[in-house]
Amino acid sequence: MLAAALLLWGLEGSVPAAQSVASVIRDCWKGRDHAAMSACVEARAREARENLRNAEMDARQAIQASTDEPGSPKYRSDALAALSHASSAFEEYVDKQCHFEATLASKGNGAEDVRWACIAVLSEERTQRMNSSRPVP
């Protein structure tokens with residue numbers, strides 16, 4: 001039942017705990033003024049997003065490279081559709097969650113820093129999960 005096995009995505013070990021929004025900001029504060037800290041947090045979020053896009057592309061390529069067992073021709077199309085749906089849902093979640101977290105910080109002057117740090121943390125977590133998940137050969 002190779003086709004059935006290919007439908008399973010197994011985690012190869014556990015996904016390490018990610019940093020918190022506060023720890024991302026704290027790391028970026030080290031030796032920097034506020035403007036440089038903000039630039040650091042935004043750069044980290046952008047890098048995390050790019051790493052996530054690459055991990056999703058790698059997953060897409062692994063699915064496309066897999067072979068379907070006769071009688072189960074829908075594996076690739078189903079898996080690709082599921083990946084696409086999960087990626088879209090994740091983007092929506094990040095947008096809403098990070099907006100919420102920034103709103104909580106809006107009394108101060110760091111709301112945008114919180115939003116970027118949230119994007120970094122959530123994107124890094126998903127990238128770790130994507131990198132530890134592989135189609136079962």
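Values as computed for the structure displayed
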item	result
Check on A82, hydrophobic (A, V, I, L, M, F, W, C) and closer than 22 Å to S132 by Cβ	yes
Given (1) surrounded by 14 or more Cβ atoms within 10 Å (Cβ to Cβ); (2) over 21 Å from R126 (Cα atoms); (3) modelled with pLDDT under 90, number of the condition S38 does not satisfy	(3)
Filter result for R126 (buried (at least 16 other Cβ atoms within 10 Å of the Cβ), basic (K, R) and free of Cβ contacts under 8 Å to residues at least 40 places away in the same chain)	no
Residues within segment 73-88 that are surrounded by 14 or more Cβ atoms within 10 Å (Cβ to Cβ), closer than 18 Å to L52 by Cβ and either modelled with pLDDT under 85 or of a type in the set (S, T, N, Q) (or both), tallied	1
Segment 53-70 residues that are over 18 Å from S88 (Cα atoms) and hydrophobic (A, V, I, L, M, F, W, C), paired with ones that are part of a loop (DSSP other than H, G, I, E, B) and modelled with pLDDT of 85 or more (beta carbon under 9 Å, 6 or more apart)	none
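The values are calculated or read from the model by the stated rules, or taken from the named source; none is laboratory data. These numbers come from a predicted model, not from an experiment. Every residue, glycine as well, gets a Cβ built from its backbone with ideal geometry; the counts of neighbours run over all protein chains shown.
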